[in-house]
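Have a look at the structure below, then the notes.
The values are calculated or read from the model by the stated rules, or taken from the named source; none is laboratory data. Everything numeric here is computed off the predicted structure, so don't read it as measured data. Quick reminder, even Gly has a Cβ in these numbers, built from the backbone with ideal geometry, and neighbours come from all protein chains shown. The protein model used for the area step is the full one, side chains on, heavy atoms only, and it has no ligands, DNA or RNA in it. Shrake-Rupley method; radii C 1.70, N 1.55, O 1.52, S 1.80 Å.
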Amino acid sequence: MTKMSYLAIGAALLSAVAQAQTSPGADWNGYYMMARGKDLAGLNVISPNFGRTVVEHLQPWAKLKRDSVKGVIDDNGFICKPAGFLRAYGSPFDTNGYFVLGRDRLTIIYWPTDTVLFRRIYLNREHPRNLKPSWNGDSTGHWEDDTLVVDTIGFNDRTWLEGGGAPHTENAHLTERMRQVHQNGNTYMEIVGQVEDPRTLTSPYTFSRYYKKQNFEMEDYVCNDAVDFYKEWRKEEIEAQRKAAAGAK
């Protein structure tokens with residue numbers, strides 16, 4: 001065997017050791033549900049900063065845009081389009097996820113699945129050049145001890161930053177620090193993040209979320225199962241706003 005072959009084997013072994021030292025292993029795998037209140041008793045939590053904080057950081061044009069949103073008429077969720085995980089992080093509503101950690105990526109399958117369907121965080125590459133904007137953007141991550149540091153860019157501008165309709169542009173940039181924390185025999189996923197968008201926000205805002213690991217499987221969810229209900233609700237809302245606009249003339 002040549003000297004170069006030994007060097008290659010040595011480099012591969014060192015890489016495997018480094019991966020073993022920094023990756024938390026398969027115990028990340030499983031279903032996590034958003035935790036709050038008594039579920040967080042005794043846990044040293046970071047302030048969650050829900051949607052109110054997002055609104056405080058909006059530029060004037062973005063506030064006007066938010067104020068013009070017409071409820072369910074403009075809501076992606078009512079026409080079975082992705083609501084986006086930026087919105088999930090900016091809202092107090094429950095969004096849960098099934099985590100599947102592999103050697104080269106972390107995959108998160110969200111519930112309700114119309115939130116973003118699923119998300120892939122690549123652990124073995126940088127962001128591609130000339131990204132085409134997408135609902136989920138492009139996520140890459142690396143390990144810092146037991147914490148996964150995630151960087152996401154490449155969003156389209158078709159989702160919101162919170163449930164009230166706060167917009168963002170394709171310049172939105174999300175950074176997250178994900179780690180497991182343990183309390184009273186329970187396991188939680190702590191996610192601390194920051195959202196930047198210089199075209200929409202006066203300054204970046206931060207948030208934290210906690211998700212409790214469950215001992216049961218994630219239920220299925222199909223947006224179209226309730227499509228008639230959503231169509232009727234949206235129709236009623238459009239008619240109510242039409243009458244309100246006619247009465248104001």
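Below is a table of values for the structure above.
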quantity: Considering residues of the stretch 59-87 that are under 14 Å from Leu161 (Cβ atoms) and of a type in the set (S, T, N, Q) only, the residue modelled with the highest pLDDT; calculated: Gln59
quantity: Unmet criterion (only one of (1) in contact (Cβ under 8 Å) with a residue 40 or more places away in the chain; (2) more than 18 Å from Arg209 (Cβ to Cβ); (3) not basic (Lys, Arg)) for Pro133; calculated: (1)
quantity: Filter result (charged (D, E, K, R) and either in contact with a Gly (Cβ under 8 Å, 6 or more places away or on another chain) or open to solvent by 10 Å² or more (accessible area, probe 1.4 Å) (or both)) within the stretch 191-208; calculated: Glu196, Arg199
quantity: His168, sole failed condition from (1) modelled with pLDDT under 95; (2) in contact with a Ser or Thr (Cβ under 8 Å, 6 or more places away or on another chain); calculated: (1)
quantity: Residue ID - modelled with the lowest pLDDT, chosen from residues in the stretch 88-147 that are open to solvent by 20 Å² or more (accessible area, probe 1.4 Å) and of a type in the set (Asp, Glu); calculated: Asp114
quantity: Condition broken by Pro198, with the remaining ones in (1) assigned to a loop (DSSP other than H, G, I, E, B); (2) under 23 Å from Ile79 (Cβ atoms) satisfied; calculated: (2)
quantity: Flag if Asn96 is over 20 Å from Gln180 (Cα atoms) and polar (S, T, N, Q); calculated: no
